[in-house]
1. Can you put Met57, Met1 in order, fewest other beta carbons within 10 Å first?
2. In whole Hz, what ³J(HN,Hα) sequence does the range 26-36 give by Karplus (6.51, -1.76, 1.60; θ = phi - 60°), x for Gly and Pro?
Amino acid sequence: MFLVLLVAYLGYSLWARLDGRLPIVAALVLLAVTAAEQAAGAVDLANTLAVYVFLLMVGGVGLLLVDRVRPDAGVRPSGRWRSRPPPVEAPGADATHEGQPPTQKPLDGVEQQAVTFVEAPAQKDHEDEQGHDPERQQR
């Protein structure tokens, strides 16, 4: 009965594009229950639950592999447990399509301004490195 329910869930999950990690989370919870049952002495039940854990893990990994190779075209939103969020566009990326001018960035046009070369500070630093300034040490 578990196998029938698992296959039905996996089929629905593929159709509705649910998150493939859900069977893996269920397997981890069931693994903890399996360990508790093993510690309680119910070995037969623990062995059966271990098989269920394995099947859930295989199903979850299979869903993740299918989700990885599935093309993103035609993604149906399926609510809270959808596996991939919709793509988010950068702000201002679509501004030209809306008839609004793109926002200017603070550094636009910097390369057009001439920068003068100043050599005086470099000479002063070079002099400071060559010797000690006694006036500087007294301050």
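1. Met1, Met57
2. 4, 5, 5, 5, 5, 5, 5, 5, 4, 5, 5
Only the coordinates and a few stated rules stand behind these numbers; no lab work does. Predicted model only: the values in this text are computed from it and were never measured. In this analysis, Cβ positions are derived from the backbone assuming ideal geometry, glycine residues included, and neighbour counts consider all displayed protein chains.
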